[in-house]
Amino acid sequence: MRPDIPTLLHDIFGFTAFRGVQEQVVGRVMAGQPTLAIMPTGAGKSLCYQLPSAALDGCCVVVSPLIALMHDQLRAANAVGLRAASLTSVDADWRETQDRLRNGDLDLLYVAPERASQEPFRNLLRAARIALFAIDEAHCVSEWGHDFRPDYRLLRPLLDEFPDVPRLALTATADAHTRKDILVQLGIPDDGLIISGFDRPNIRYAVHPRDGLTRQLSDLVAANPGPGVVYTQTRAATEKLAETLGRSGRSVRAYHAGLDPAVRARNQAAFIASEDMVMVATVAFGMGIDKPDVRFVAHAGLPKSIEGYYQESGRAGRDGEPAVAHLFWGAEDFARARQRIMELDQSRQQGERARIAALGALVETATCRRAILLRHFGESPPPSCGNCDNCLSPPASVDATETARKYLSA
Ligand code: ADP
Ligand code: MG
């Protein structure tokens with residue numbers, strides 16, 4: 001007989017308890033019920049399929065959009081003793097993995113959506129015992145989402161071919177439209193939706209107009225000794241700022257997609273191992289990086305969306321200890337955003353305008369920042385959180401410039 005779920009939770013993962021909705025989601029999966037779990041970054045989505053993969057007979061097929069993400073997860077899963085493999089273009093052990101799948105020697109098999117939807121892969125699954133389909137980053141299936149990946153649309157026929165295999169879709173970011181769309185696209189009934197709270201109470205939010213950014217960031221870095229991430233908007237700014245901030249003697253590195261892959265990997269590994277490093281990075285940095293003790297995240301300019309901001313700032317304080325998220329913005333950010341919108345296809349302009357207006361509301365409010373974030377995700381928070389700049393020191397007079405609106409309505 002297999003050990004029960006609490007025993008597996010402890011013996012495999014070393015956790016004494018589930019967090020938040022994990023228990024509910026795992027329970028549904030074990031009962032074979034189709035589920036869409038909306039859980040914030042850091043909430044522990046992986047466990048929701050990794051634990052069942054150890055408890056169920058057969059292999060859990062995990063669909064994931066990025067090879068780097070898959071390989072991080074693979075390493076972590078193998079490290080705790082799960083039998084995990086992937087079938088991607090960079091894997092050399094395809095034959096062995098296929099044999100292991102057929103012989104029932106795999107708990108987890110990671111694949112990209114384009115591979116999962118192809119006939120040879122479906123054929124392989126027919127010869128194996130499949131216990132669960134887990135679709136990670138499921139917002140990619142929706143055009144309403146902020147990261148649409150057409151390949152995710154091809155998954156449905158695969159899922160439907162195995163009607164007895166439960167499906168679990170997971171994502172951190174999905175507004176009401178996107179949620180509904182994910183349910184429809186993946187064939188999950190409405191009552192399969194599980195939403196966990198989006199609040200990250202240990203993160204203190206603070207927003208500042210840019211006013212000598214380099215000095216502002218130097219002060220911030222000096223005041224926060226723990227590991228931190230500074231998000232910049234361009235690759236060039238990343239390297240320049242890293243150099244400037246490094247002059248204080250603090251260990252600082254840069255990360256962006258244009259760096260040599262070996263340098264990138266080295267910098268990322270150094271950051272994960274460090275207790276005081278500052279990473280100056282574009283948003284290419286962070287997805288799938290599990291560093292629980294990041295003490296601050298700073299945005300040197302306006303993020304792309306509230307979803308992006310929530311996800312990036314959410315990389316702070318995953319260990320539950322106090323952390324801060326600072327956002328520095330200027331009117332130019334909105335002017336640039338408006339410029340970008342003008343160059344877009346007519347059909348996309350309205351959505352982009354809404355995205356920027358939501359950011360305008362966040363940076364210009366004199367009320368609780370957390371309330372604005374949480375309302376964006378459909379929650380009804382109390383009017384004051386006690387842990388953002390506006391709640392901690394209410395602005396003396398309301399700033400009536402309304403920059404965002406001005407720049408958007410012209
Ligand atoms: P997500 O995919 O939702 O962003 P992860 O699956 O990467 O989150 O998990 C985030 C962190 O939380 C990981 O370090 C993981 O080990 C930890 N974690 C997950 N579940 C638990 C739990 N029940 N108790 C303690 N830590 C947990
Ligand atoms: Mg994840």
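The values are calculated or read from the model by the stated rules, or taken from the named source; none is laboratory data. Because the structure is a prediction, the values reported are computed rather than measured. Reconstructed Cβ throughout: ideal geometry from the backbone, glycine too, with neighbour counts over all protein chains shown.
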Can you tell me which residue in segment 111-161 is farthest from ligand 1 (Cβ to nearest atom), limited to those that are farther than 19 Å from ILE67 by Cβ and small (Gly, Ala, Ser)?
-> ALA127
Regarding ARG247, is this residue of a type in the set (Lys, Arg), surrounded by fewer than 19 Cβ atoms within 10 Å (Cβ to Cβ), farther than 21 Å from HIS146 by Cβ and in contact with a Gly (Cβ under 7 Å, 6 or more places away or on another chain)?
-> no
Long-range neighbours under 7 Å by Cβ, at least six apart or interchain, first residue in contact (Cβ under 8 Å) with a residue 60 or more places away in the chain within segment 274-289, second among the polar types (S, T, N, Q) and away from ligand 1 (no atom under 15 Å from the Cβ) | ILE289/GLN268
Working only within segment 252-266, note down all residues that are over 20 Å from the mean Cα position of the chain (by Cα) and either under 20 Å from GLN311 (Cβ atoms) or surrounded by 15 or more Cβ atoms within 10 Å (Cβ to Cβ) (or both).
-> VAL252, ARG253, ALA254, LEU259
List the pairs whose first member sits in segment 329-356 and is closer than 24 Å to GLY212 by Cβ, whose second member is at pLDDT 90 or above and in a helix (DSSP H, G or I), and whose Cβ atoms are under 6 Å apart, counting only residues at least 6 apart or on separate chains?
-> TRP329/VAL363; ALA337/ILE356
Which ranges mark the helices (runs of 4 or more DSSP H) fully within segment 44-117 that have 2 or more residues being more than 15 Å from ASP151 (Cβ to Cβ)?
-> 45-55, 67-79, 94-102
Neighbours by Cβ (under 7 Å, 6+ apart or cross-chain): first from segment 31-45, under 25 Å from ARG315 (Cβ atoms); second within 12 Å of ligand 2 (Cβ to nearest atom) and of a type in the set (S, T, N, Q) = ILE38/THR171; THR41/GLN311
Assess whether ASP11 counts as being more than 20 Å from ARG167 (Cβ to Cβ) and not hydrophobic (A, V, I, L, M, F, W, C).
-> yes
Answer residue from segment 188-225, given it is surrounded by 15 or more Cβ atoms within 10 Å (Cβ to Cβ) and of a type in the set (Gly, Ala, Ser) and is farthest from CYS388 (Cα to Cα) among those = GLY192
